[in-house]
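Working notes for the structure below.
The values are calculated or read from the model by the stated rules, or taken from the named source; none is laboratory data. On a predicted model such as this, the values are computed, not experimentally measured, just so you know. Methodologically, a virtual Cβ is constructed for each residue, glycine included, from the backbone with ideal geometry; neighbour enumeration extends over all protein chains shown.
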Amino acid sequence: MTYQEMQKLVADPGQAHDMKALIELIPALALLEATPQDPVYHAEGNVLAHTDLVVGAMVNGQDYRSATENERFVLFYAALLHDIAKPSTTVIDPVTGKIGQPGHSRRGAIDARILLWRAGVPFELREEICRIITVHQLPFFALNGDKRSGKPAEFLIHKLSCEQQLWMLCAMAVADMEGRVYHDKQNVLADIELFRMLAEEEGCLRSAKQFPDTYTKLCYLRGASISPDYPFFRERTGSQVTVMCGMPASGKNHWVSHHRPGLPVVSIDDARDELGLRYGKNNGAAAHYAYDKARELLRRQEPFVWNTTLLSSQMRAQTLDFLHDYHADVQLVYLEQPEKVIYQRNNQRDTSLKNEGIRDMLFKWEVPLPTEAASVEYRINENSRKPICEPEP
């Protein structure tokens, strides 16, 4: 499957899509037909039946009609792949028979990322699709706010607008609801419309939330109880820390040697080597060693580089929270290469990590969001010499 083949199957507005050809192009879609759903929320039947209806609803929607060619590509494949992980996440209660697919959105984004990466879909389009899939159901209930953090709907809208196009997320949510048989469909569609209206009122429907400065933005999005509209005074500053992120053999060491020469480097891989540990063995000891080294640099407010894979958002959050607790100024640099390049480079490295291990790591692959640090830079593919940066709102 190639990006060019995918482009040819994107339906024009109001036209029928070719599901048979799409399944031939993406065989994983065939698994959806054998995957059941909770009949309360999906009386239309299996996941493929639902997906077929969702794509049809998307193609016939007003947002799709007014979208550009690239935007249609994003909307089309977000609709097609939004439930791609349901086969692997389906659980059926042995007592009640109730069907659930917990975590299918987050896992679906990873599955879609791997698929689109291998197809050569441009980074920006791929990540827009994956970001939609990750939170594609959020507009169903976003007006209730974030129950975990206690933040209101406005906060969710502000944060999401810095990560993706909210009008696209709304289009996806509408198509997802239109493409099902559900007794409460109209009420949910009304909630989605209210979400859209609130996003427009906040100036976030088609652009990111505007902040007075980067520090205020970072503090607000990290959960500080401050106004997003007025500068937040910074009482102290800490180390300038460059955090590297990317798969093994993606070029992190090379980037550091050229762009941060002479700076101390904190690396769990280096810690593992210094402790004489093999890759994947006693990671706790290696991490403890690296964190101790970083802590000393942070206390002295010295600049340094944190260099490791940090593929999952959970692992990044642990590291970034640690650095932000010391008031560090963090620049997050994400590097990515084609799969073939990574395996070729890894074969040429002196490492105990095999290519099979890298393939296993793909299922934890979550590209950093632009809200994870004050500065997030994306460097994509080995011949790219210019950084792809998220524009400041």
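Details
- For beta carbons closer than 9 Å, sequence separation of 6+ or different chains, a first residue in region 171-190 that is farther than 12 Å from His136 by Cβ and a second that is of a type in the set (Lys, Arg), the qualifying pairs are Glu178/Lys185.
- Residue match in region 58-67 (condition: in a helix (DSSP H, G or I), charged (D, E, K, R), more than 21 Å from Tyr182 (Cα to Cα) and over 25 Å from the mean Cα position of the chain (by Cα)): yes
- Count of region 3-33 residues which are part of a loop (DSSP other than H, G, I, E, B) and either surrounded by 13 or more Cβ atoms within 10 Å (Cβ to Cβ) or not assigned by TED's automatic domain parsing to the domain that holds Lys98 (or both): 7
- Extreme residue, surrounded by the most Cβ atoms within 10 Å (Cβ to Cβ), among residues of region 250-280 that are among the aliphatic types (A, V, I, L, M) and modelled with pLDDT of 90 or more: Val266
- Residue selection: Arg180 fails the criterion of being surrounded by fewer than 18 Cβ atoms within 10 Å (Cβ to Cβ) and of a type outside the set (A, V, I, L, M, F, W, C).
- Residues satisfying the stated conditions in region 73-98, i.e. in contact with a helix residue (DSSP H, G or I) (Cβ under 6 Å, 6 or more places away or on another chain) and either assigned to a loop (DSSP other than H, G, I, E, B) or of a type in the set (D, E, K, R) (or both): His82, Asp83, Ile84, Ala85, Lys86
- A single entry from Pro36, Pro102 fulfils the requirement of being within 19 Å of the chain's Cα centre (by Cα), surrounded by fewer than 17 Cβ atoms within 10 Å (Cβ to Cβ) and not in a strand (DSSP E or B): Pro102.
- Pick from region 312-370, criterion without any contact (Cβ under 8 Å) to a residue 12 or more places away in the chain and in a loop (DSSP other than H, G, I, E, B), ranking: surrounded by the most Cβ atoms within 10 Å (Cβ to Cβ): Lys354
- Ser352 falls short on exactly one of the conditions (1) small (Gly, Ala, Ser); (2) in contact with a Gly (Cβ under 9 Å, 6 or more places away or on another chain); (3) at pLDDT 90 or above, and that condition is (3).
- Listed by position, the helices (runs of 4 or more DSSP H) enclosed by region 108-196 that each have at least 1 residues that are small (Gly, Ala, Ser) are 153-161, 166-178.
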